[in-house]
Amino acid sequence: MSTALSASPTADNVQTGLNKADTVTIANALKDALADSFTLYVKTLGVHWNVVGPNFFSLHKLTEEQYQDLAGAIDNIAERIRALGQIAPASFGDFRVASAIECETTIQNAEEMLTGLINDNEALAKRFRAFTAVAEEAEDVFTADLLTARIGQHEQNAWMLRALVA
């Protein structure tokens with residue numbers, strides 16, 4: 001194997017004004033946020049692929065917008081973990097253990113699918129508030145801003161989905 005291909009990511013000690021212990025704590029919160037975001041991404045894709053009924057087109061388009069947004073968020077969160085000098089998790093097993101999102105079964109009924117996404121988006125908004133507090137306590141304004149933006153997006157997602165179920 002060539003030397004270039006044997007390189008492995010390592011945890012690094014970054015020197016950007018954040019305490020080393022704080023970068024680990026923040027990265028751990030972000031790892032949970034990454035697991036939540038990835039799990040919700042997969043679940044939203046499942047709704048996008050499987051939803052049927054008279055509101056098919058609007059639900060199909062809305063869930064497409066939401067999973068595309070989540071794809072960008074996943075990348076941003078993972079890259080922030082790396083910028084903090086930590087290794088970003090990248091396995092289904094890691095995500096399943098760390099995520100607050102129920103992900104064991106595929107829901108078949110459109111109303112149940114949407115209710116699940118509403119509950120999941122609301123749970124992430126709530127959970128990300130706690131992660132934001134971790135970043136704010138460490139004076140990591142960049143991570144706090146990233147998570148604050150995600151809170152707003154999850155609240156908006158839940159609102160739009162609730163409006164469709166009403």
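The values are calculated or read from the model by the stated rules, or taken from the named source; none is laboratory data. In this text, all values refer to a predicted model and were calculated from it rather than measured experimentally. Methodologically, a virtual Cβ is constructed for each residue, glycine included, from the backbone with ideal geometry; neighbour enumeration extends over all protein chains shown.
General observations
- Here ASP75 fulfils each of the conditions (1) among the charged types (D, E, K, R); (2) at pLDDT below 95; (3) surrounded by fewer than 16 Cβ atoms within 10 Å (Cβ to Cβ) apart from (2).
- Only a single criterion out of (1) modelled with pLDDT of 95 or more; (2) closer than 27 Å to LEU161 by Cβ; (3) not in a helix (DSSP H, G or I) is not satisfied by ALA88, namely (2).
- Residues within region 40-59 that are surrounded by 16 or more Cβ atoms within 10 Å (Cβ to Cβ) and not hydrophobic (A, V, I, L, M, F, W, C), tallied: 5
- Scope region 130-144; condition part of a helix (DSSP H, G or I), touching a helix residue (DSSP H, G or I) at 6+ places or on another chain (Cβ under 6 Å) and either modelled with pLDDT under 95 or not polar (S, T, N, Q) (or both); matching residues: PHE131, VAL134, ALA135, GLU136, ALA144
- Residues of region 128-150 that are surrounded by 14 or more Cβ atoms within 10 Å (Cβ to Cβ) and of a type in the set (D, E, K, R): GLU136, ASP140, ARG150.
- Qualifying residue in region 96-111 (condition: closer than 19 Å to PHE38 by Cβ, surrounded by fewer than 17 Cβ atoms within 10 Å (Cβ to Cβ) and of a type in the set (Lys, Arg)): yes
- Candidates in region 89-106 are the residues that are in contact (Cβ under 8 Å) with a residue 60 or more places away in the chain and of a type in the set (A, V, I, L, M); of these, the one that is nearest to ALA21 (Cα to Cα) is ALA98.
- If you check ASN121, ASN157 for being within 17 Å of ALA35 (Cβ to Cβ), surrounded by 14 or more Cβ atoms within 10 Å (Cβ to Cβ) and of a type in the set (S, T, N, Q), only one passes: ASN121.
- On the stretch given as region 145-166, residues that are more than 14 Å from the chain's Cα centre (by Cα) and either in contact (Cβ under 8 Å) with a residue 40 or more places away in the chain or in a helix (DSSP H, G or I) (or both) total 10.
- Exactly one residue among LEU40, LEU45, LEU59 is touching a residue at least 12 places away in the same chain (Cβ under 8 Å), assigned to a helix (DSSP H, G or I) and within 17 Å of ARG150 (Cα to Cα), and that residue is LEU40.
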